[in-house]
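Engineer: The structure under discussion is supplied below as structure tokens; questions concerning it will follow.
A short reminder: the numbers here are calculations on the coordinates, not readings from a lab. If you're wondering where the values come from, they're calculated on a predicted model, not measured in any experiment. Cβ atoms come from the backbone with ideal geometry, glycine included; neighbour counts cover every protein chain shown.
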Amino acid sequence: MLKVIKKIAHYSGLPSMLPVSETELAVILLNDRQITEINETYLRHQGPTDVISFDYIQDFQMNEFSPEDPYTVGELYISLDTAARQGKEYGKSVNDELLLYIVHGILHLCGYDDHNEKDIKEMRKAETRVLNQLHEELGAVELI
């Protein structure tokens, strides 16, 4: 999974946004109950969702950075329950949904948004580009 996430970050352009190369990205897999708690507590949205991204890139302080302690650029919280449910609804595997959620979450860290129609179109175009590059290089991608 780590190799795939690194490739997604690369194709998304995330490394070029970072002031240092010693970074980490947390990817946390949850169930619907757990992601609902995060969604309601931190985003004030009701119910479960597919992926939540917390971006810490703007919080980076060079004077506090140490190469021995990699900087966490963000956290992705992903619901496996939602991936299974939406995968079934869209005729996709849980694996493919999970892959899409990771791409989507990393694109949020890169500044993409999905709150209006124009932003959604840009996000979908970027998702497709990254997924195509990933499959072109790695072929079938199995995460779980």
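Engineer: Restricting the count to DSSP beta bridges whose residues both fall in the range 2-138, what percent are antiparallel, rounded to a multiple of 5?
Structural biologist: 45
Engineer: For Thr128 and Leu18, calculate 0.36 nm times their separation in residues minus their Cα-Cα distance, and state this gained length in nm to one decimal.
Structural biologist: Difference between extended and current length: 37.3 nm.
Engineer: Find how much the distance from Lys118 to Ile144 grows on full extension, using 0.36 nm per residue of separation minus their present alpha carbon separation; answer in nm with one decimal.
Structural biologist: 6.1 nm
Engineer: Measuring from label point to label point, each 7 Å out along Cα→Cβ, what is the Arg85 to Asp59 span in nm?
Structural biologist: Result: 2.9 nm between the two label points.
Engineer: Quick one: P(r) of the range 13-77 from all Cα-Cα pairs, 10 Å bins, percents rounded to integers, in order of increasing distance.
Structural biologist: Bins of 10 Å from zero give 20, 42, 26, 12 percent of pairs.
Engineer: Checking understanding here: applying a Kyte-Doolittle mean of at least 0.0 and a length along the axis of at least 18 Å (C-alpha), which whole DSSP H helices in the chain pass?
Structural biologist: 94-109
Engineer: Once the Cβ-Cβ distance between Asp69 and Tyr42 is put in as r, and R0 is 30 Å, what FRET efficiency do you end up with, to the nearest 0.05?
Structural biologist: It comes to 0.75.
Engineer: Here is a further query. Charges only on Cβ, +1 for Lys and Arg, -1 for Asp and Glu: so what's the dipole of the chain about the Cα centre, in debye to the nearest 20?
Structural biologist: The calculation lands at about 520 debye.
Engineer: Report, by chain and number, residues whose modeled amide H sits under 5 Å from the one on Thr72, excluding near sequence neighbours (fewer than 5 apart, same chain).
Structural biologist: Glu24
Engineer: In the range 1-89, what GluC sites (Glu not before Pro) fall in a loop by DSSP, with at most 10 other Cβ atoms inside 10 Å?
Structural biologist: Here the GluC sites (Glu not before Pro) that fit, given the DSSP loop and packing criteria, are Glu68.
Engineer: Would you work out which of Thr41, Phe65, Leu18 lies farthest towards the positive end of the dipole of the range 1-67? Charges go on Cβ: Lys and Arg +1, Asp and Glu -1.
Structural biologist: So the residue we want is Leu18.
Engineer: Where does the chain land on Rg/Rh, using Cα atoms and the Kirkwood Rh?
Structural biologist: 0.96
Engineer: Another question about this same structure. What lysines could a cross-link reach from Lys7, if we take a straight Cα to Cα line under 25 Å and drop same-chain neighbours fewer than 8 places away?
Structural biologist: Lys92, Lys121, Lys125
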